[in-house]
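Colleague: Sharing a structure with you now.
The values are calculated or read from the model by the stated rules, or taken from the named source; none is laboratory data. Not measured: the values here are computed from a predicted model. We place every Cβ from the backbone using ideal geometry, glycine too, and count neighbours over all the protein chains shown. What goes into the accessible areas is simple: the full protein's heavy atoms, side chains included, and nothing from ligands, DNA or RNA. Shrake-Rupley method; radii C 1.70, N 1.55, O 1.52, S 1.80 Å.
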Amino acid sequence: MTRRSTPPRITQRRIAELAGVSQATVSLVVNGKADAVSRIPAATRERVRQVLQDLEYVADPAARRLAGVGNRLIGVFTYEPAFPSASRDFYAALLTGIESEAELLGCDLLMFTSAPVEDGRRSLFHPSTRLRLADGCLLLGLEMDGQELERLVDSGFPFVAIGRRDAAGVPFVAADYVAGVATLVERCWQLGHRRFAMLHRDSSGESVKDRLTGFTEGLRRQDPSAAAVAWRSADEGDDLTDAWAELRASGATVLVAESPVHALAIHRLAVQDGVRVPEDLSIVTLADPSHSAEGDPDLTRLSPPRTRLGSESLSLLGRILDPEVEVGPDELRLTLPCDIVPGSTLSEPADHHLETT
């Protein structure tokens, strides 16, 4: 059996040879610049167009972007899978904000999912990732590879990370977790809490570090000698039975749980053991729950502006891509304030109430 040969790829160099012109002339015609920015004779332009038509040439979208003609395609790259239920509270609001801003900018979104998830994460520079099909890209994820980010900065490819990043030169839009968590700790302190517990994610991501910094700084602002009486990390889905036992033994009157999933799990264990929330134990969390089930409490919580994070990130990327806009260094890193939702799981501790009556 005779193997059918693959027809040779039609390149602009080949078009130039057939039309008897330079490759630069072909590029100007393909990108619609022959009339506006050059003095290419009409006959020459027509000859090039005829060759393009005869060979059914289709411009490579990446080449068009590099030639200065945007495809109005914005990539979205997530280091972790975006759609499993465990990721809903993190990604859903971000994607809502990104989508609304994309509509305003008149661009389409391209979700980069070809890189396989290995050990729970994707790599920006996996051979199957096709970032350069897009004009620029938004990066999402709790943890990002700092070396990959710096490599992307060095490449000159336009991008914005959602969330603060330590890597040098990375443009980002982030929530101000340090100030927000410190304010929430102050509110607990003002209610009379002096014995705090912290349950945080087992992660080295910058947002996790910022929440921990806000917690410790918030305590120090109230009393330089203050320290949490219990401190523990956990992953999503972990059994928190041991953590609950440690929390009860610590005598803490308020738990600051980074994850709403953990906060709700501790609340259920408290109810099972006859511990009243918030009278015996207050529980606050540092994010909005993705959904609520019947019987779930209205958690007192820090509310990051995730929808705005998404829209502001794409807005920043749009300005970076706009050749008419000059974005200053101080505009490449934007921090947004968080709100505090009062909820029903924070009150003054019972012993404080007795002391003041």
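Colleague: Would you work out which of F77, Q12, G343 lies farthest towards the positive end of the dipole of the chain? Charges go on Cβ: Lys and Arg +1, Asp and Glu -1.
Modeller: Q12
Colleague: Which of A234, Q222, S259 sits farthest toward the positive end of the charge dipole of segment 182-263, with +1 on the Cβ of Lys and Arg and -1 on the Cβ of Asp and Glu?
Modeller: Q222
Colleague: If you count only protein heavy atoms with a 1.4 Å probe, what accessible area per residue comes out for the chain, rounded to a whole Å²?
Modeller: With the other protein chains kept in place, the chain gives 52 Å² per residue.
Colleague: Can you tell me how segment 121-221 classifies by the Cα gyration tensor, rounded, prolate or oblate, using a/c under 1.5 as the rounded cut?
Modeller: Note, shape of segment 121-221 comes out prolate.
Colleague: Expressed as a whole percentage, what fraction of the accessible surface of the chain belongs to carbon and sulfur atoms when a 1.4 Å probe is rolled over the protein heavy atoms?
Modeller: 49
Colleague: About its Cα centre, how strong a charge dipole does the chain have in debye, to the nearest 20, once Lys and Arg get +1 and Asp and Glu get -1 at the Cβ?
Modeller: 1900
Colleague: Using 1/(1 + (r/R0)^6) with R0 = 41 angstrom and r between the beta carbons of S114 and E324, what's the FRET efficiency to the nearest 0.05?
Modeller: 0.80
Colleague: Determine the order of E258, E326 by accessible area, beginning with the largest, at a probe radius of 1.4 Å.
Modeller: Sorted by accessible area, descending: E326, E258.
Colleague: Given the options S225, S233, S123, state which has the largest fluctuation in a GNM of the chain using a 10 Å cut-off (strictly under) for Cα springs.
Modeller: Judging by the Gaussian network model, the answer is S225.
Colleague: Is the shape of segment 284-357 rounded, prolate or oblate, going by the alpha carbon gyration tensor and its root eigenvalues a ≥ b ≥ c, with a/c under 1.5 for rounded and a/b larger than b/c for prolate?
Modeller: Since a/c reaches 1.5 but b/c is at least a/b, the shape of segment 284-357 is classed as oblate.
Colleague: Here's a follow-up. Taking square-rooted eigenvalues a ≥ b ≥ c of the alpha carbon gyration tensor, is segment 250-302 rounded, prolate or oblate, where a/c under 1.5 means rounded and, failing that, a/b exceeding b/c means prolate?
Modeller: Oblate is the answer for segment 250-302, as a/c is 1.5 or above yet b/c matches or exceeds a/b.
Colleague: Using the Kyte-Doolittle scale, which helices in the chain average at least -1.0 and also have C-alpha atoms spread 15 Å or more along the helix axis, with helices defined as whole DSSP H runs?
Modeller: The qualifying helices are 42-55, 88-105, 177-190, 260-272, 306-321.
Colleague: Further question: For a quick check of understanding: with a 1.4 angstrom probe and all protein chains in place, what accessible area in square angstrom does M198 have, to the nearest ten?
Modeller: 0
Colleague: In square angstrom, rounded to the nearest 10, how much accessible surface does R151 have for a 1.4 Å probe?
Modeller: 140
Colleague: Per-residue accessible area for R72 at 1.4 Å probe radius, Å² rounded to 10?
Modeller: R72 has an accessible surface of roughly 140 Å² with all protein chains in place.
Colleague: Further question on the same structure: Could you sort H267, H291 by accessible area so the largest value comes first, with the probe set to 1.4 Å?
Modeller: Descending accessible area places them as H291, H267.
Colleague: Cut-off 10 angstrom, C-alpha nodes, Gaussian network model of the chain. Which of G328, G180, G163 fluctuates the most?
Modeller: Top of the fluctuation ranking is G328.
Colleague: Within segment 266-310, find all residues whose amide N lies under 13 Å from a label point positioned 7 Å from the Cα of R195 along Cα-to-beta-carbon.
Modeller: 280-282
Colleague: For the chain, modelled as a GNM with alpha-carbon contacts under 10 angstrom, which of S155, S313, S207 fluctuates the most?
Modeller: Evaluated over the chain, the most mobile residue of the options is S155.
Colleague: Per the Kirkwood treatment, what hydrodynamic radius in Å, one decimal, follows for the chain from the mean inverse distance over all distinct Cα pairs?
Modeller: 23.7
Colleague: Of D339, D210, which has the most accessible area and how do the rest follow, probe 1.4 Å?
Modeller: So the residues, ranked largest to smallest area, are D339, D210.
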